[in-house]
Each structure stands twice: as structure tokens, then as C-alpha cells.
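Trainee: Here you go, one structure.
The values are calculated or read from the model by the stated rules, or taken from the named source; none is laboratory data. Fair warning: this is a prediction, and the values are worked out from it, not measured in the lab. Virtual Cβ from ideal backbone geometry, glycine too; neighbours counted across all protein chains shown. The accessibility values were calculated without ligands, DNA or RNA, using every heavy atom of the protein model including side chains. Shrake-Rupley method; radii C 1.70, N 1.55, O 1.52, S 1.80 Å.
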Amino acid sequence: MSLLLTNIGELVTNDPAAGDLLGLRHNAALVIEGDRVTWVGDAAEAPAADEVVDVEGRAVLPGFVDSHSHLVFAGDRSAEFAARMAGEPYAAGGIRTTVRATRDASDEQLRAHVGRLADEMRRQGATTLEVKSGYGLSVADEARSLAVAREFTDETTFLGAHVVPAEYAEDPAGYVDLVTGPMLAAAAPHARWIDVFCEKGAFDADQARTILAAGEAAGLRGRLHANQLTYGPGVQLACELGLVAVDHCTYLSDADVHALREAGTVATLLPGVEFSTRHPYVDARRLLDAGVSVALASDCNPGSCFTSSLPFCIAIAVRDMGMTPAEAVRAATAGGAAALDRSDVGRLVVGGRADLMVLDAPSHVHLAYRPGVPLVRDVWAGGQLTVR
């Protein structure tokens, strides 16, 4: 069965063959068959289809690709947020609070919580989600966290190296052995990626290198949290190892920026974190002007950034990080796809997945122009209408 979406006022294709950043088309249409886009062009030239949907001049965009989130957790850390807003600094140690609550939660409670957050993301236009573990920090709890995450997405990431749990506080080397041994063996069947929080208070560069090497040997691809809280070695390590992406990148030296450009590693920026922690916003303009590939993601998590809204992140990126609306939209779509090494999502081209959203607005610019307004009207994922 074929579906024609027509009378599209503005169509964002992200077509790499187009002459502009977003591959914009006006007065456009597209055809979906199964889970794929099979035709894109002018509405006046659209072929016949079994079903026709007139979007009445609205904008159509690729579904957002949220390449960094931590949805598998239990408990509440709103008091921690309130304390930060009262002037207390953010520190990575708050993760252990969530670890205790997550270990105490049942599989059913975790599943229901992930489902609620994933639904929030879908209703705001995200059709591809990456979900990490990292709040279990034991062999059994990391494996079950990933098994729950895999029920909602294929883009799952083993983050046993989030922080050292309390029971290993005096033996961090022993915890690295656990992560690279029994925990990795239990987690690998449920994961595509392996991640490390390479930061003061978490894991240093040598520990991160060891953990990523073990993950690669187990068939998992590497990624890193790096340079979130201060300048450090994480970004350089990610570039040295040829990782597809490195996330946060809040504190960057000129050498870090140069390394990102030369390695082709995607810098995944997480503006919701800076909003919530009051760390400085990343100068995305500096990265883009240097030729670095940039993605935007939510980093939805209970401590440093409890938002599931990529439209909110786009608005911040435009207002406070030096990005144009077009650059921010591309970073949240094709940029997120690049961070997950995916070419089938984040764009609306023939042969790509039929993942898209219809805005109740005439242009992608409204995502930043009207911050906080629920503009996502309809969402198709794999050719199926999932939100209306």
C-alpha cells in the first residue's frame, strides 16, 4: 500500500546531493511504501497512491535522531536540581543516588518508566532513540537494563563505566575488571555500543581505553562522554581511537577542535545539560566554522538533564550556542544519524526510512522561533502513523 503526503509547504530532506544545508523543497510531496520513502518531488508532479494525506502547507521534517539518552532508571532527583538552581555546583556523584533506586526497581517498573519517556520523545518528533544503561552498575542490573532498553530501540549502549559504584569505591581497578569481564559478557548480547564517562570523578583516559578495547573485542562499537565538567583527555582519546562520536564537548581546547575535524568524529552537543547544570553552553559556531560535524541530542537523564525534548534543545542551540535554525535542525536529524553511523534515518530521500514529522507550522524555523510550543502535529515511524 502506498501513501502520498502532499501540499507540503516546506520539506526538509537533508539530501546530501542538494545544494543547501537542509535540502529544502517547497510545494512538495513524498510517497511512502512500506517503511521506505519511494518518491520525493513537486506536489504538482506527484504520482497516484492508495492513500493521500494533504498536510495543508505545513512543514515536514525527518524524524529527530536522539543519539544520547539515559532512560533506564528509577527514582527522582528534583531536589538535586533545586539545589543547583540555588547555587550548589553539579558533580557526577549524584549518579549513585539513581543507582540505588534503579537496583531496587522491578523490571516492570523500569519497563513502564522507559515506555513513558520514549513516548514523550516520540510525541516531540524523535523516531530514532539511543538508550544507555549505566544506573545498574552490577552484572545483573546492567544486563537487565539493556534488555529493557532493547524492547524500545536497537540503538542500545552499555555504560557500565558510568561511575564506580559505592561497593568498589576503594577498588576502582577491581571495578574496571568487572566491567571488562563478567559485566561486559552479560551486557554485550543486548547492546550495539559501549560507552565510558571519561571525566574527573569517573574514569581516566587509561581506564577508558581499556574498557573500550574490551568492548571492541566483544563486538561493541565505542563512544565516550568527555569534557563535560572541565578540560580533559576524553575528546583527544575519542579522536585517536577513531570513534564515530564523542558526547558533551563542553570544554574544548583548540587542539580538541582540530582533532575532531581531522578525525571526522561527530561532536554530540547536549544543551539541556548546560541548561540544567549552569555550565557554559558550547560554542557550536566555533565547531561548525572549523568544519567539525555536530549532532544535538537530549541526554534525557534524571540528574543533569531531565528533558526529553529535542525541540527545546534546538531552541537553546539557536539562542545560546551560535547555531542557525537550519544548522540546529540538521544536527538533530542528519547529525544524530551520523553520530549513530546510520545513513537510513535523519533524511527524507528515496530508499530511506519513512521516519518523519509534520509541524503545525510553515517552516522548520518555528522550532526555535516558538520555543516551548508543542509544534509536532503528526509523526510517522517506519511508514506507520504513530502520533496524531
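Trainee: Looking at the structure I just gave you, is Thr128 part of a loop (DSSP other than H, G, I, E, B), under 25 Å from Arg342 (Cβ atoms) and either open to solvent by less than 60 Å² (accessible area, probe 1.4 Å) or of a type in the set (Lys, Arg) (or both)?
Mentor: For Thr128, the condition - part of a loop (DSSP other than H, G, I, E, B), under 25 Å from Arg342 (Cβ atoms) and either open to solvent by less than 60 Å² (accessible area, probe 1.4 Å) or of a type in the set (Lys, Arg) (or both) - is not met.
Trainee: State all residues of segment 258-292 that are at pLDDT 95 or above and β-branched (Val, Ile, Thr); if no residue qualifies, say none.
Mentor: Thr265, Val266, Thr268, Val273, Val282, Val292
Trainee: Also, I was wondering about something else. Identify the residue in segment 1-29 that is more than 26 Å from the chain's Cα centre (by Cα) and of a type in the set (A, V, I, L, M, F, W, C) and, among all such residues, is farthest from Ser293 (Cα to Cα).
Mentor: In this case the residue turns out to be Met1.
Trainee: If you check Tyr231 against the conditions, is it open to solvent by 20 Å² or more (accessible area, probe 1.4 Å) and either hydroxyl-bearing (Ser, Thr, Tyr) or under 18 Å from the mean Cα position of the chain (by Cα) (or both)?
Mentor: Yes, satisfied.
Trainee: Also, I was wondering about something else. Among the residues of segment 98-119, is there at least one that is in contact (Cβ under 8 Å) with a residue 60 or more places away in the chain, open to solvent by less than 10 Å² (accessible area, probe 1.4 Å), within 30 Å of Arg278 (Cβ to Cβ) and part of a loop (DSSP other than H, G, I, E, B)?
Mentor: Checking segment 98-119: not a single residue is in contact (Cβ under 8 Å) with a residue 60 or more places away in the chain, open to solvent by less than 10 Å² (accessible area, probe 1.4 Å), within 30 Å of Arg278 (Cβ to Cβ) and part of a loop (DSSP other than H, G, I, E, B).
Trainee: Quick one: which of Leu375, Leu356 is modelled with pLDDT of 95 or more and in contact with a His (Cβ under 8 Å, 6 or more places away or on another chain)?
Mentor: Only one candidate passes the filter, namely Leu375.
Trainee: Taking only segment 26-39 into account, find how many residues are in contact with a Leu (Cβ under 9 Å, 6 or more places away or on another chain), open to solvent by 30 Å² or more (accessible area, probe 1.4 Å) and within 20 Å of Ser343 (Cβ to Cβ).
Mentor: Of the residues in that region, 3 qualify.
Trainee: Here is a further query. Across segment 137-155, what is the number of residues that are in a loop (DSSP other than H, G, I, E, B), open to solvent by less than 20 Å² (accessible area, probe 1.4 Å) and over 16 Å from Gly181 (Cβ atoms)?
Mentor: 1
Trainee: Restricting segment 316-328 to residues that are open to solvent by 20 Å² or more (accessible area, probe 1.4 Å) and assigned to a loop (DSSP other than H, G, I, E, B), which is farthest from Phe275 (Cα to Cα)?
Mentor: Among those that are open to solvent by 20 Å² or more (accessible area, probe 1.4 Å) and assigned to a loop (DSSP other than H, G, I, E, B), it is Thr324.
Trainee: Right, something else. Identify the single condition in (1) open to solvent by 20 Å² or more (accessible area, probe 1.4 Å); (2) of a type in the set (A, V, I, L, M, F, W, C); (3) touching a Phe, Trp or Tyr at 6+ places or on another chain (Cβ under 9 Å) that Ala185 does not satisfy, given that it satisfies every other one.
Mentor: Every listed condition holds for Ala185 apart from (3).
Trainee: Sticking with this one: How do the helices (runs of 4 or more DSSP H) wholly within segment 236-315 filter down when requiring 2 or more residues that are within 22 Å of Gln124 (Cβ to Cβ) and without any contact (Cβ under 8 Å) to a residue 60 or more places away in the chain: which remain?
Mentor: Fully inside segment 236-315 and qualifying: 271-277.
Trainee: Regarding Thr324, is this residue at pLDDT below 95, out of contact with any Asp or Glu (no Cβ under 6 Å at 6 or more places or on another chain) and of a type outside the set (Gly, Ala, Ser)?
Mentor: It is false that Thr324 is at pLDDT below 95, out of contact with any Asp or Glu (no Cβ under 6 Å at 6 or more places or on another chain) and of a type outside the set (Gly, Ala, Ser).
Trainee: Restricting to segment 164-174, and then to whatever is in contact (Cβ under 8 Å) with a residue 24 or more places away in the chain and surrounded by 13 or more Cβ atoms within 10 Å (Cβ to Cβ), can you tell me which residue is farthest from Ser133 (Cα to Cα)?
Mentor: Pro172
Trainee: Now for a separate question. Out of all the residues in segment 330-385, which are open to solvent by 70 Å² or more (accessible area, probe 1.4 Å), of a type in the set (Ser, Thr, Tyr) and touching a residue at least 24 places away in the same chain (Cβ under 8 Å)?
Mentor: Tyr369
Trainee: Let me ask another. Say whether the condition of being under 14 Å from the mean Cα position of the chain (by Cα), at pLDDT 95 or above and polar (S, T, N, Q) is met by at least one residue in segment 138-148.
Mentor: no
Trainee: Name the residue, out of Val349, Val358, Val294, that is among the aliphatic types (A, V, I, L, M) and under 16 Å from the mean Cα position of the chain (by Cα).
Mentor: Result of the check over Val349, Val358, Val294: Val294.
Trainee: What's the total number of residues in segment 191-223 that are in contact with a Phe, Trp or Tyr (Cβ under 8 Å, 6 or more places away or on another chain), buried (at least 19 other Cβ atoms within 10 Å of the Cβ) and under 22 Å from Arg342 (Cα atoms)?
Mentor: Of the residues in that region, 9 qualify.
Trainee: Follow-up question, since we're still on this one. Restricting attention to segment 1-25, and to residues there that are assigned to a loop (DSSP other than H, G, I, E, B) and of a type in the set (A, V, I, L, M), which single residue is surrounded by the fewest Cβ atoms within 10 Å (Cβ to Cβ)?
Mentor: It comes out as Ala17.
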